[in-house]
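The values are calculated or read from the model by the stated rules, or taken from the named source; none is laboratory data. Predicted model, so just to flag it, every value in this text is computed and none were measured. Cβ atoms come from the backbone with ideal geometry, glycine included; neighbour counts cover every protein chain shown.
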Amino acid sequence: MLTKGGSTQGSGGGLGIYVHIPFCVKKCAYCDFLSFGGRKHGEHSAYAAALLREIRIKADVYAGRYTVDSVFFGGGTPSCIDAGLLARIMEGLKASFRFAPSCEATIEANPGTVDARKLEAYLRAGINRLSMGVQSTSARTLALLGRIHGRQAFLEAYGLARAAGFKNINFDLMFAVPGQSEGEWAECLEEAISLRPEHISFYSLQIEEGTEIYDRCHAGELAPADEAVDRRMYHRALAILEKNAYFRYEISNACRKGFECRHNLKYWSMQDYLGLGLGAHSFLEGVRIGGIEDLAAYLVAAQEGDYECERHANTESDNISEAMFLGLRRAAGLSGEEFRAATGKGLYETFGAQLEKLAAAGLLEADRPLGAGTGSGDDAGGGSTQPQGRGDARPQGSTQPQGRGDARPQGSTQPQGRDGCAAKGAGRDGAGAGDGDGLRVWLTPKGIDISNTVFLEFM
Ligand code: SF4
């Protein structure tokens, strides 16, 4: 149960805060996110006022339980609203919650919406990481995607961000766009890498019903990239990133050492996060909460419960599935200790048969031979090669996961678990040899290619 004010029920650990800003200059041709184009400054101000109210209400419940160590302004296009409004929201958060001195605060920015004044204002407000929605450097692809910026605007915005003082910058890039050749994708990624951003997210275009691109594909005007091309583009990206010393720490995210996105690692390691704003999702003390999606209702909401459209207390079975499909998104994979912290159970005793089957099919690897004796906690030796980034991975993604089951966002650090139970905590009593502690598993490249099918084994 939620209780107000300084309860000791929280994890006591670090909290991530996601703030949704649902405004954009205009809707992109592929976008089905909860966002609105063409709204005026007055509506942005009203929304910021409503957000500040929500911050106070939620802080009354949660502030005493956590220290905030990551903030993520996503959208939408947070950079399309006045920088003064964003600074007020940051001030509201800092006045209401306890912040870790090293808090990572990210803002998503469309290159077509920033200037030097805005970028400097973000830094003054404590926003120290910039996630740029670059998507492509090709004029044709940017036009097809309906982006408001061109290649030159991106290069100028990046230069301004570095000049302002941003030392941690992500580029979101997109592949498998209709008409995009493999060569064009490789050229785009290489140009992006030449600028040496700290982090690169690379996603294949998902063609969603209700979008302009969907309609154009449906009408036969555009041809979606086929699966084989999509996979070739993905593996080409991995090779280019590796050659340039970017290590992949999650299926779609790579970075220079030490620049994993802290916020998104929380999603993939089942750590607590609080969503604020329209449609924002939270995961708090084992409960997934979906935020209200109606803007008019959001603007007048005034109580804790008014902001929710769904609430689901994770069952044991939810935790078991989520620990697997979120953890296996990370290049470092999932350890028996992490699994036990999230579920109270042994990894091998829960999924031994599935792990063996997947390993036999070349879809998954483990750091020791699977089979009798696995996970004794003693070093069984042998095993296969280490996954890339193993042991170093700490974590982004652009937007919030859409709720239960949608894995988009690690950490070599142990997830804190529901009650602050660290790896050596929950369920360890009586846990003996063969329970999977000491074991680590991760997906092979072949497994990544059919990850959704692999994840079904753990549902
Ligand atoms: S893709 Fe991003 S910038 Fe484009 S409409 Fe959607 S939220 Fe806005």
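Results, tabulated for the structure shown:
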item	result
Breaking point among (1) in a helix (DSSP H, G or I); (2) surrounded by 17 or more Cβ atoms within 10 Å (Cβ to Cβ); (3) more than 16 Å from the ligand (Cβ to nearest atom), for residue 47	(3)
Candidates 105, 121, 100 - the one that is hydrophobic (A, V, I, L, M, F, W, C), more than 16 Å from the ligand (Cβ to nearest atom), surrounded by fewer than 20 Cβ atoms within 10 Å (Cβ to Cβ) and outside any helix (DSSP H, G or I)	100
Complete set of residues in the stretch 26-44 that are outside any loop (DSSP other than H, G, I, E, B) and either among the charged types (D, E, K, R) or within 16 Å of the ligand (Cβ to nearest atom) (or both)	36, 37, 43, 44
Given (1) of a type outside the set (Val, Ile, Thr); (2) closer than 24 Å to residue 198 by Cα; (3) in contact with a helix residue (DSSP H, G or I) (Cβ under 7 Å, 6 or more places away or on another chain), index of the condition residue 260 fails	(3)
Pairs, first under 16 Å from residue 19 (Cα atoms) in the stretch 278-302, second surrounded by fewer than 15 Cβ atoms within 10 Å (Cβ to Cβ) and polar (S, T, N, Q), C-beta under 8 Å, six or more apart	281/402
Scope the stretch 124-141; condition small (Gly, Ala, Ser) and not in a loop (DSSP other than H, G, I, E, B); matching residues	125, 131, 133, 139
Top-ranked residue in the stretch 157-214 [being touching a strand residue (DSSP E or B) at 6+ places or on another chain (Cβ under 6 Å) and of a type in the set (A, V, I, L, M); ranked as surrounded by the most Cβ atoms within 10 Å (Cβ to Cβ)]	200
Whichever residue in the stretch 193-245 is among the β-branched types (Val, Ile, Thr) and in contact with a helix residue (DSSP H, G or I) (Cβ under 6 Å, 6 or more places away or on another chain) and, among such residues, is farthest from residue 446 (Cα to Cα)	207
Residues of the stretch 61-89 satisfying the condition of being hydrophobic (A, V, I, L, M, F, W, C), within 19 Å of residue 102 (Cα to Cα) and either away from the ligand (no atom under 16 Å from the Cβ) or not assigned by TED's automatic domain parsing to the domain that holds residue 34 (or both)	63, 68, 71, 87, 89
Yes/no for residue 208 being in a loop (DSSP other than H, G, I, E, B) and modelled with pLDDT of 95 or more	yes
The one condition in (1) surrounded by fewer than 23 Cβ atoms within 10 Å (Cβ to Cβ); (2) within 16 Å of the ligand (Cβ to nearest atom); (3) of a type in the set (Gly, Ala, Ser) that residue 133 fails to fulfil	(1)
